[in-house]
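First the structure, in the form of structure tokens, and then the observations on it.
The values are calculated or read from the model by the stated rules, or taken from the named source; none is laboratory data. Keep in mind the model is a prediction, meaning the values are calculated, not measured. Virtual Cβ from ideal backbone geometry, glycine too; neighbours counted across all protein chains shown.
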Amino acid sequence: MPDAPLSEAEASARATTASPRRSLKQVVGPYVALTKPRIIELLLITTVPTMILAQNGFPSWWLIIATLIGGAAAAGSANTLNMYYDRDIDAVMARTRKRPLVTGAVTPRAALVFGLLLGAFSVAWLWLTVNWVAAALAAAANVMYSYGYTVLLKRHTRQNIVWGGAAGCMPVLIGWAAVTGSLDLAPFLLFGIIFLWTPPHYWPLSMKFKKDYAAAGVPMLPVVAADTKVARQMIAYTVAMVACSLVLIPVAQMGWFYTAVAIAAGAWFGFACIQLYRRAVTGTTRKLGAMKVFHASITYLTVVFVAISIDPFLPW
């Protein structure tokens, strides 16, 4: 049986007595881990290309840096608050047992304060250095993830990642608003691409760690539905995602480069999802790897948004 999550007193005692002379890295490292840097990296990959598209060129370096700082702080805050709330199920899941709140490297109270302060900083920073629209969107994204997904959806519905994933789409709205001070149809299409991408991105990971989620009582779709049904839904979301990426062409006046990349990347990722379905039908999903589709989804999103960032600089 897994160890029970540490109480506030136990976590505090362990954090203060485990290593009386901890280095700066040992002190700072757990707080950095609370922010889930790899997730932040993926979110920021979508922000800069959106800013380039909004500017139809390259925005000022200061605006990019200021937006990325604020966006990273907002995402880090939401991720920290997510870990704070989920520390009980993180102790149950093998994939998350080494997170700072489970090991006692950070106390729950310290994590909560850190998450709230980071969120407040993100809003204040964006308001002062970018504009109030970007700041408001960052605050909304934080609430959507830390409360909407983490508290309301994750443990209570199989559609958790579908609707909860909307928070991960907000960086494109923030990036667009940072440049223009407003929103338009184009950033909402970018929002739609990421929204429709999220299920076929995350469900393969849920397939891989199905037992973990089941043990924690989290009803991710792969836990409560057959792999074939999950794979079929992934294909449907992928078709809709590719269609959304193509609608962006006339709306944002995208050129030949983005058009070619969007079609090719969409076909490639769609084929990966179809292959996963075929493996699910034959019962070989675990052996041949849902994780291949997970990694392919990251490649797809990166390639499409890199194309968005390059396209404005190319001749028609």
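Determine which member of the set Thr238, Thr282 is assigned by TED's automatic domain parsing to the domain that holds Leu189 and more than 30 Å from Pro187 (Cβ to Cβ). Even if it seems obvious, please write down each step before you answer.
Details: Thr238 fails: more than 30 Å from Pro187 (Cβ to Cβ).
After ruling out the rest, the residue left standing is Thr282.
Scoring Arg158 on the criteria (1) within 21 Å of Asn79 (Cα to Cα); (2) in the same structural domain as Leu126 (by TED's automatic domain parsing); (3) in a helix (DSSP H, G or I) leaves a single failure, condition (3).
On the basis of being under 23 Å from the mean Cα position of the chain (by Cα) and farther than 17 Å from Phe294 by Cβ, does Val223 make the cut? No, not satisfied.
When residues in the stretch 255-285 are screened for being over 26 Å from the mean Cα position of the chain (by Cα), over 25 Å from Gly57 (Cβ atoms) and either assigned to a helix (DSSP H, G or I) or among the aromatic types (Phe, Trp, Tyr) (or both), 4 of them pass.
Yes/no per residue for (1) exposed (fewer than 14 other Cβ atoms within 10 Å of the Cβ); (2) in contact with a Pro (Cβ under 9 Å, 6 or more places away or on another chain); (3) modelled with pLDDT of 85 or more; (4) outside any helix (DSSP H, G or I):
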{"site": "Ala4", "(1), (2), (3), (4)": "yes, no, no, yes"}
{"site": "Ala15", "(1), (2), (3), (4)": "no, yes, no, no"}
{"site": "Gln26", "(1), (2), (3), (4)": "yes, no, no, no"}
{"site": "Thr47", "(1), (2), (3), (4)": "no, yes, yes, no"}
